[in-house]
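Written out below as structure tokens is the structure these notes cover.
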Amino acid sequence: MTGLSHAGHQDRVHPLKGGRHVDHESVTLSAEGPVGDRAFCLLDPAVDRCLRTVEHPTLLATRALWDGTVLRAELPGRTVVGEPVATGDVREVDYWGRTATVELVHGPWAAAYSAHLGREVVLGRAAPGQVVFGASVTIVTDGSLARLAREVGAPVDGARLRATFQLDDAGARPFAEDEWVGRRLRLGAAEVEVTGLVGRCAVIDLDPASGVRDLPVLKALAALRAETGGVDLGLYAEVVAPALVRTGDPASVAPLG
């Protein structure tokens, strides 16, 4: 097994699709993915479409906290808290070209986010996996982030990549994790199967706390990945052995064969 660690790094989820990542000391991985991750999404009610961060970057200036009962949304100059109440209004909505099923909820969040965004939005609750692009778990490594930072000429906060886990790969060569596709990765007591590489978009150019476009990260990544013809960074994975994963738990990659 290849020794890895994610000691010193926060495990991350974001309860509201498109909002700022929330750091946690631990994440519970269920068979469907990280518990509480992307449990809610904002919708354009006129066209039943899930809002995209790349089109609404100021979503990154907001933070949602969800304990399974109470949803707390922190927006610039305003915080709204309550227990979401199901409306029974179930919508089939567009999520990046595929259909996702969400249920609208009552509460103060739609008005608060509408005021923040300057347009009408409604809040929907989604079942696990409904508003997840790719796979339920994503992983990045320090080695690849460090190489990207050198190309950019400035530090690249791992939060830009919006990954579930950031691993310390003990000085491995950049993008060595590309070779993990098809293999299993143990994270503490949990185990995931790596299913593919994560293709990146212009969201990684945005400051992860404000949504301000401040660094040409995507351009730098494209230069680094010119030989592959893609802009991949990080891994998609699905959970095969659910468990609680704590920051600092050891991580290891199963050998080939």
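Given the structure, is G158 touching a strand residue (DSSP E or B) at 6+ places or on another chain (Cβ under 6 Å), under 20 Å from S210 (Cα atoms) and touching a residue at least 60 places away in the same chain (Cβ under 8 Å)? So G158 passes the test. Condition check: touching an Asp or Glu at 6+ places or on another chain (Cβ under 9 Å) and either surrounded by fewer than 21 Cβ atoms within 10 Å (Cβ to Cβ) or not β-branched (V, I, T) (or both). Does A176 satisfy that? Criteria met by A176. When we screen R52, R72 for residues that are part of a loop (DSSP other than H, G, I, E, B) and either among the basic types (K, R) or in contact (Cβ under 8 Å) with a residue 60 or more places away in the chain (or both), the only hit is R52. A search for C-beta distances below 9 Å between a residue of the stretch 173-193 that is more than 11 Å from P250 (Cβ to Cβ) and without any contact (Cβ under 8 Å) to a residue 12 or more places away in the chain and any residue that is in a strand (DSSP E or B) and not hydroxyl-bearing (S, T, Y), counting only pairs 6+ apart in sequence or on different chains, returns E179/V253. Q130 - would you say it is under 21 Å from the mean Cα position of the chain (by Cα) and part of a strand (DSSP E or B)? No; evaluated as a whole, the condition is false for this residue. Any chance the stretch 222-235 includes a residue that's surrounded by fewer than 19 Cβ atoms within 10 Å (Cβ to Cβ) and under 30 Å from E74 (Cα atoms)? No: the stretch 222-235 contains no residue that is surrounded by fewer than 19 Cβ atoms within 10 Å (Cβ to Cβ) and under 30 Å from E74 (Cα atoms). Restricting the stretch 223-257 to residues that are of a type in the set (V, I, T) and in a loop (DSSP other than H, G, I, E, B) leaves a set whose member that is farthest from A163 (Cα to Cα) is T228.
Residue-level check: of (1) under 15 Å from the mean Cα position of the chain (by Cα); (2) without any contact (Cβ under 8 Å) to a residue 60 or more places away in the chain; (3) outside any strand (DSSP E or B), A112 misses just (1). Considering (1) farther than 24 Å from G18 by Cβ; (2) at pLDDT 95 or above, the lone condition that V90 does not fulfil carries the number (1).
Looking across the stretch 115-128, the residues that are out of contact with any Ser or Thr (no Cβ under 6 Å at 6 or more places or on another chain) and either touching a residue at least 60 places away in the same chain (Cβ under 8 Å) or loosely packed, with under 15 Cβ neighbours inside 10 Å (or both) come down to A115, L117, G118, R119, V122, L123, G124, R125, A126, A127, P128. Checked against (1) buried (at least 19 other Cβ atoms within 10 Å of the Cβ); (2) more than 17 Å from the chain's Cα centre (by Cα); (3) among the small types (G, A, S), S136 passes all but a single condition, namely (2).
Against the test of being touching a Pro at 6+ places or on another chain (Cβ under 9 Å) and surrounded by 15 or more Cβ atoms within 10 Å (Cβ to Cβ), the options A112, A149 yield a single qualifying residue, A149. Of the set (1) assigned by TED's automatic domain parsing to the domain that holds L215; (2) crowded, with 19+ Cβ neighbours inside 10 Å; (3) outside any helix (DSSP H, G or I), all apply to V93 but (1). Restricting the first member to the stretch 224-239 and to residues that are free of Cβ contacts under 8 Å to residues at least 60 places away in the same chain, and the second to residues that are assigned to a helix (DSSP H, G or I), the beta-carbon pairs closer than 6 Å and six or more apart or on different chains are V231/L221; V231/A222.
The values are calculated or read from the model by the stated rules, or taken from the named source; none is laboratory data. Quick caveat: nothing in here was measured; it's all calculated off a predicted structure. Heads up, the Cβs are rebuilt from the backbone with ideal geometry, glycines too, and the neighbour counts pull from every protein chain shown.
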